[in-house]
Each structure stands twice: as C-alpha cells, then as structure tokens.
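Worksheet for the structure shown next.
The values are calculated or read from the model by the stated rules, or taken from the named source; none is laboratory data. Note that the structure is predicted; figures quoted are calculated from it, not measured. Because the Cβ atoms are built from the backbone with ideal geometry, glycine has one as well, and the counts that use them run over all protein chains shown. Protein only, heavy atoms only, side chains kept; ligands, DNA and RNA dropped before computing areas. Shrake-Rupley method; radii C 1.70, N 1.55, O 1.52, S 1.80 Å.
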Amino acid sequence: MKSLKNLGDAPAGLPIAADDLLEFHAARLLLLFKVCGTAGRIDGLTKMAKLDFFVRYPLFFNKVCKELGISAESPHITVESSMIRFHYGPWDDRYYHVLAYLEATGLLQVAKVQNAFVLSLTDKGQVASAKLAQEPSYHVLVEQMKLVRKSLGSKAGSTLKRLIYSIFTEEVGRKPLGETIT
C-alpha cells in the first residue's frame, strides 16, 4: 500500500488504483467510525470489519437484510474494495496499517479494554470525518453506511460474524483462509 505523499518517486506512467492508496482506506474507515459508530466509536475489530464488509459489499448487505426481514436495500451493486476470508470472516490485511496511520495522525484513538479494542475518533478525527461526509465524492459511500448502521449497527461483532457464516456459507464460510471474497 502506498501513500499519496510517496507517489512523487513513482514513474509518471505508473497506473495507480485507489485501492492501493493508504488515504483511500483511511478515509473510508474515518467515515465508518463517524457514520456507523456510536459517537464516533466502534467497540471491537470484529464489529468494525463486519460493518465495513457490508459497506463494501452491497449485494451481501441486501441479502442479509432480506434474510433478516429488514426492509433496506442498497441501490448499489459494485464491490467498493475487496476483502479476504480470515479466521473470523471477512477481513482486510490493510486494517492494521490503516488503523496505525489514523492513530499516528491523531485522528483515531485505540484502547484495549479487556480482550477487545475500542476504536474512537479523536476531536480531530470528528472534524476530518465530518468534512469527508460532506464531500460529494463520498456521497454514495456515506449513504451505504447509513443503511448499514440503521439495519445492522446495533448488533455485536460476534453476531454479525455468525450471520455472515450462516447466510454466506459458500461465499465466505467455506473459502480457504486468505482467499478473496467475490
């Protein structure tokens, strides 16, 4: 993963995908904490990853809502950025890098409470995420996050994980560890 700050050294003709940029993922997670969190806080990496999964995979979100009898449907169908199957369901190997970046820049506070990490936007993170949420280029993402929060935001990370494994057995549960979820 590259940072925008380091792209000056790359050849001018080198193609750059947003998915390869640290700031792309950092912006999405800032918005996730702001929109899907409670007062800018998400309790646990599992919950963060599962909420992020339903934001990034709108068709999976639609299917889980249908299975749960929730009248919510994403108008979008494209995968925002792919994830892999990990021990506890969908995961992104870049999380640790991105979370460290957000913490180092003073946008996120990470605290360990018993066996879980509590991830909270700092005051600076609240301001930055509020600005991002107003940007037209993030409108689609923010709308998807609002649907995810309304439909699934009150559920615990372990509940979301069990839902994913029970509803998406073939798509997620039976995939080998490290394989991309499609």
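Protein heavy-atom accessible surface, 1.4 Å probe, per residue over segment 1-143: 53 Å². Counted residue by residue at 0.36 nm each, then reduced by the alpha carbon distance between them, the extension gain from residue 3 to residue 82 reaches 26.6 nm. Remark: segment 89-182 carries a charge dipole of roughly 340 debye about the Cα centre, counting +1 on each Lys and Arg Cβ and -1 on each Asp and Glu Cβ.
Note on residue 142 and residue 18: the extension gain reaches 42.9 nm, defined as 0.36 nm multiplied by sequence separation minus the Cα-Cα distance.
With the simple spin-label model, which puts each label point 7 Å out from Cα in the Cβ direction, the residue 123 to residue 72 separation comes to 3.2 nm. Which of the listed residues, 127, 167, 180, is farthest toward the dipole's positive end in segment 35-182, when Lys, Arg count +1 and Asp, Glu count -1 at the beta-carbon? Sorting the options by dipole projection puts first 167. Placing a pseudo-label 7 Å from each Cα along the Cα-to-Cβ vector at residue 103 and residue 180 gives an inter-label distance of 2.9 nm. When only the Cβ of Lys, Arg, Asp and Glu is charged (+1, +1, -1, -1), the dipole of the chain relative to its Cα centre reaches about 580 debye.
Heavy atoms only, probe 1.4 Å: what % of the accessible area of segment 86-182 goes to carbon and sulfur, would you let me know?
Roughly 54 percent, rounded to a whole number.
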